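Asks: Starting off with a structure, shown below.
The values are calculated or read from the model by the stated rules, or taken from the named source; none is laboratory data. This structure is a prediction, so every number in the text was calculated from the model and none was measured. Cβ placement follows ideal geometry from the backbone for every residue including glycine, while neighbour counts extend to all protein chains displayed. Quick note on the areas: whole protein, heavy atoms, side chains included, nothing else; ligands and nucleic acids left out. Shrake-Rupley method; radii C 1.70, N 1.55, O 1.52, S 1.80 Å.
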Amino acid sequence: MDQHKTTAGALQTPMTGPINNPAAVAQALLHNPGATQALNNNPTAATAAQALLGNHGVTHKPHLNNPGVGQQLISYPGVGQQHINNPGVGQQLISYPGVGQQHISNPGVGQLMGVPGPGLGSINKPSTAQALMRSPSDSRALIRGDRGSMLSMSDDNVMMNQILATHAPDGREFDVRPLLYLVEDILNRATQHVDFLVKGTLDQVELEERAQAANHIAMLEALTYTIDRIACELSYKALGGSDAHATTTAIFNLLSSYTWDAKLVISLSAFALNYGEFWLLAQIYSTNQLAKSMAVLRQLPSLLEHAAPLKPRFDALNSLIRTMMDVTRCVVQFKELPLKYISPDAPALATAMTHIPTAVYWTIRSMVACATQISSLTNAGHDFRFGVSTTESWELSTLAHKLRNIYEHLKQQLSYCYKHIDERMDVEIYQMLLAIFDPNVLHIDNMKALKALIYDKDDKQPLLDGATKRQVSLDVLRRKNVLLLISSLEFANDELAILEQIYNESRIHATRLESQYEVVWILIVDHSIIPLPEEMQTKFENLQSTMPWYSVQDPLFIKKPVIRFIKEVWHFRTKPILVVLDPQGKVVSPNAIHMMWIWGSTAFPFTSLREEALWREETWRLDLLVDGIDPTVLTWIKEEKYIFLYGGDDIEWIRRFANSARSVASASRIPLEMVYVGKSNKREQVKKVTGIINAEKLSYAWQDQAMIWFFWSRLESMLFSKIQLGRGDDQDPMLQQIKKLLSYGREGGWAVLSRGSNIAVNGHSSTVLPALGGYDEWKINVAEKGFDGAFKEYHDKLHDAAHPCCRFEFPNTIRIPETMRCPECPRLMEKYTAFLCCHDEQGIPGSLF
C-alpha cells in the first residue's frame, strides 16, 4: 500500500518538468488531486491549470496561440513513463493509456473535466464532432480508443476510489420510484420491450402515478435542472467524442450530493430524455410535419431507410439498455428494503452495498457508451450504407456482459436479503397469530383474527361466495360464528357430500336458534408449487365450484407463517380439520370435525362445551355406532332383533362365522340379523369379500364403500374426540370398548352382538367363533339368561384365557396421549413410530385422521 502514496516530493518532478505543457499539468492534476499542493508552490503551473480547468476564454486563447500544444501531447509519449517513476501518480496512469496515446484519438485533456479542451482549438484540424460527421472510420477509432481505455483498467480499486471521492450525500432522501416508472415507460417503449406490453403492466404504472401524482410533480420540479444538465452533458460529450470515464466522472461530480440509487435513476432519466426523443421522432416523423422537419435535421430518415445493416448495433443498444434498467431496479430495491427486518450489517446486504457503487458506475458508464453510439449513428451521414463494422456492437456487448454479471451478483444478494426479510416477517406474523388466538385475549369482533389468517389488506376481496359464485370481502363474516374448514386437495366427494348434508341441517338449527354461522374453506398448499400446476388448479376450481359455503378464492392468500400456525397449533397435516371461531374470533373448538362426524347437525354450534355435553348423554349402544349410516340396521334396532355387526377380510373365517351364527340362531329360535361392515383398511380386499358374501348369500353387507368409510371414520372420531377433550383416561368404559373395536378393525375379524340397541359382546375373531362353536355348552343358560346373556358369559370366559393383540395408530392431527393402557389387559402399551401406505386409496377417501 505504501508504494501508492503520493508525496509532495514525488510531485515535484512531473509538475516542474513539463511546466510549459499545460495539458500535462492538467493530466497530473486530474489523476492526483494532491497535485494542488505542487501547484500552490508553482504559480506558472497553477496558471496553466486554471486555463485548462476553469476559464473558457483562457482555455481557448492560449491554445490558439500555441498550435503546438496538441502536437506536444503526441510528441511526449513519455509523459506516462515519467509518472511511472512516481508511484502515487504513475500507477493511476498505468490503469489508463498513456497521456500521449490517449489524446491521439480523443479530445484534449481539458475536456476530461467537463470544459472545452485543447481538442477544440489546439491543432489546426477539424473538430472531433466534424470528424465524426465526415468519417465513420474516425467514429470507430474513437470507440476503439475508449474500449482500449476500458479494457486497460486493471486496477478497479483506483478507479472506484476516484468515484467514491465524489460521493458526498447531503442527507436528502426522496422516493425515486415514480421517476423510475416514467423512465421504464420511456425506455421500454423506445426499445420495443415486448415483456412490458403484456396486459396489466401499463395499468400498474398508471396506478402508481395517480397514487403519487402530487409528490411526483414536486419531485420532477426539484430535479428538472439536474436531469437537463446531465442530458446535455451526455449529448455534448458524445458529440465531442470525450473519454467515457471522464464523462462518467463528470456526471458523478454533478450528482455528488445524492444517494447511489438517486444518482442512478437521475442519470437514467437524463439518458431516457435523449433516447426517448430520438425514438419519438423516429416513430412519428412520417405522420407529423414538425417531427419530420426535426428528423431531417437529425438525419433520421436516411438512417431508418437503411436500418438493416445497423440491426446488430440496435440490438446491442437495446440489450445494454435493458440491462441498465435491470441494474437500476435492483439498486432501488436494495434502497427500499425494510430496515426493520434486515440490518445494514446483514451479510447479504453488506456485500451488496460494497458493490453498489461499482454497479452505479458501470451503469452510468454504459449510458455514456449508448449516447456515443446514438451520436455516431445520427452524425454519420450516409456512410453507414457502405457497411457497418461489428466493432461498435462488440463495444456495447462487452459492456452489457460486464453489467449483466454485476446485475446477476446483485440479484443473488437481493434474493438472500428477501429470504432473510421473509424469515423475519414470518416469525413476526407467527408470533402475532399466537397473540391474537391467545385464549386469554379478548377482541371486539372476529375481523382481526380473520384478517390475520386469510388476508390483511382491503385492496382485494379474498372470499368466493359458494351460493352466488361472486367474490366478497371478509366483512360478510363479521360477528358471526365461523367454521374454518381446512384441508389439502385430497378431499373426496363422499366427504363433501356428508359435510354438505350436515351444513344444510345445521343452518336449519341456526335459523331456529337465531344464531348466525358460516363455513369458510381454506385450502393449504405448499407455496413452492404456487402458481398451482394446471392439474391441481383444475381440481381446486372443481372442488370450489361444488361447495355451497365460502372459500378463500386464491390459495396464495394464505401466507407461510399462517400455514405453520395451522400445522403446529391446530395440528393440521393433510386430512380436513374444522376449527370453530366465535363472533369475537376466539377458538371454541380446535377441531369440530370429530363431533360433526359423530352427531352431525345435533352438535351445532360445534363448540367444545357442546361436545362435552353430548358425551355426557351418550352410552355404549349400537345406534351410536351406526347412527345416520344405514336405515335398515336402525329398523332392526327398533324391532329389538338380535344383530351381529361384523367385519374383517378373511373370507374363510367369515364363511364359518356366518354359517355358525345362522345355525345357532336357528337352534335358539331367535330373530338374528347380520351385517358386514368391512374393515378400516384394505379396501380393495373388502370389495372382494363383499362380492363373495353377496354371491353366497352369507349375510347382509353394506354395498356402498362410503358407508364403510363413514362407519370407521365416526369410530375414530369417537376416540379422538375423547382425547381432544382430555377425557382419554382408562377409567371410561365406553372408551375401552371404542378402543377394542378400533384395534379389532386393524387385526383380523371381529363381531359385535346386540339385542336392539344394547350391545352384549364386542369380541375378536379368535374368541367369537369359538364361542359360537361351544353352543352346546352354554345353550342351557339361554332360557334363564337370554341368548345374548348366555353367549356373553361363555365368550367372556374364553376372552379371559386368550387376549388378542391390540394396536392403535395416531396421526399428527390430534394430541397423542403420553401413555395408553391396553383395553384387553391392564398393561401399558408400547409406543412405536409407524409409516403406513395401504395402496388402495382410489375407491373411497381414507381415514380423515
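Asks: What number do you get for the range 639-735 when its Cα radius of gyration is normalised by 2.2 N^0.38 Å, N = residues?
Replies: Working: Rg = 16.0 Å, N = 97, 2.2 N^0.38 = 12.5 Å.
Taking the Cα Rg and dividing by 2.2 N^0.38 Å, one obtains 1.28.
Asks: Separate question: Could you state the accessible area per residue of the range 443-601 in Å², with a 1.4 Å probe and every protein chain left in place? If you can, show how the numbers build up before the last one.
Replies: On the way: 7080 Å² over 159 residues.
Roughly 45 Å² per residue, with all protein chains present.
Asks: Looking only at Cα atoms, what is the convex hull volume of the range 443-601 per residue, in Å³? List each step's numbers first, then the result.
Replies: Numbers: hull volume 18.2 nm³, N = 159.
Dividing the Cα hull volume of the range 443-601 by its residue count gives 115 Å³.
Asks: Which entries of K559/K722; K411/K559; K687/K722; K263/K411; K539/K740 have Cα-Cα distances beyond 28 Å here? It would help to have the intermediate numbers written out before the result.
Replies: Numbers: K559/K722 32 Å; K411/K559 24 Å; K687/K722 31 Å; K263/K411 19 Å; K539/K740 38 Å.
Going by Cα-Cα distance, K559/K722; K687/K722; K539/K740 fall outside the 28 Å limit.
Asks: Given H placed on each backbone N at 1.01 Å, which residues far from Q553 in sequence or on other chains put an amide H within less than 5 Å of it?
Replies: HN-HN under 5 Å from Q553: L463, L464.
Asks: I've got another one for you. For K340, give me every one of the lysines with a C-alpha distance below 17 angstrom, ignoring sequence neighbours fewer than eight places off in its own chain.
Replies: Partners within reach: K419.
Asks: Here is a further query. Sort K480, K567 by accessible area with a 1.4 Å probe, largest first.
Replies: K567, K480
Asks: Give K575/K739; K638/K779; K469/K567; K451/K480 a once-over and call out the pairs whose C-alpha atoms are over 18 Å from each other. Could the numbers behind the result be given before it?
Replies: Details: K575/K739 21 Å; K638/K779 26 Å; K469/K567 29 Å; K451/K480 14 Å.
Over 18 Å Cα-Cα: K575/K739; K638/K779; K469/K567.
Asks: So how exposed is S397, as accessible area in Å² (1.4 Å probe, rounded to 10)?
Replies: Accessible area, nearest 10 Å²: 60 Å².
Asks: Could you tell me which of P548, V476, F565 has its Cα farthest along the dipole of the range 443-601 towards the positive end, charges placed at Cβ (Lys, Arg +1; Asp, Glu -1), taken about the Cα centre?
Replies: F565
Asks: Along the charge dipole of the range 443-601, Cβ charges K/R +1 and D/E -1, which of L499, L489, S601 sits furthest on the positive end?
Replies: The residue sitting most towards the positive pole is S601.
Asks: Accessible surface of T224 in the full protein assembly, 1.4 angstrom probe, to the nearest 10 Å²?
Replies: We get 60 Å² for T224.
Asks: Can you tell me how much longer the chain between A435 and E534 gets when fully stretched, taken as 0.36 nm per residue apart minus their C-alpha distance, in nm with one decimal? Could the numbers behind the result be given before it?
Replies: Details: separation 99, 0.36 × 99 = 35.64 nm, distance 3.73 nm.
Additional length available on full extension: 31.9 nm.
Asks: Another question, if that's okay. Top to bottom by accessible area (1.4 Å), largest first, where do V677, V441 land? Please report the intermediate quantities before stating the final value.
Replies: Numbers: V677 0, V441 55 Å².
If we order V677, V441 from most to least accessible, we get V441, V677.
Asks: Accessible area of E640, 1.4 Å probe, to the nearest 10 Å²?
Replies: So the heavy atoms of E640 present about 100 Å² to solvent.
Asks: Given contacts defined as C-alpha pairs under 8 Å and at least six residues apart, what's the relative contact order of the range 279-374, whole-number percent?
Replies: Details: 31 pairs, mean separation 22.0, N = 96.
So the answer I get is 23 percent.
Asks: List the residues whose amide H sits under 5 Å from the amide H of A701, counting only those 5 or more places along or on another chain, with H placed 1.01 Å from N in the peptide plane.
Replies: Excluding prolines and chain starts, which carry no amide H, the hits are Y676.
Asks: Additional query: May I ask you to rank E611, E747 by accessible area, largest first, using a 1.4 Å probe over the protein chains only?
Replies: Largest accessible area first, the residues go E747, E611.
Asks: Taking all protein chains as present, what is the carbon and sulfur share of the accessible area of the range 443-601, in % to the nearest whole number, probe 1.4 Å?
Replies: Details: 3480 of 7080 Å².
On the range 443-601, the fraction of accessible area on carbon and sulfur atoms equals 49 percent.
Asks: Short version: ³J(HN,Hα) in whole Hz for each residue of the range 749-757, in order, from phi by Karplus 6.51 cos²θ - 1.76 cosθ + 1.60 (θ = phi - 60°), x for Gly and Pro, what are they?
Replies: After applying 6.51 cos²θ - 1.76 cosθ + 1.60, I find x, 6, 7, 10, 9, 9, 10, x, 8 Hz.
Asks: Separate question: If you place +1 on the Cβ of every Lys and Arg and -1 on the Cβ of every Asp and Glu, how big does the dipole about the Cα centre of the range 443-601 come out, in debye to the nearest 20? Mind showing how you got there, number by number?
Replies: On the way: 19 positive and 20 negative charges, 101 e Å.
Here the size comes out at about 480 debye.
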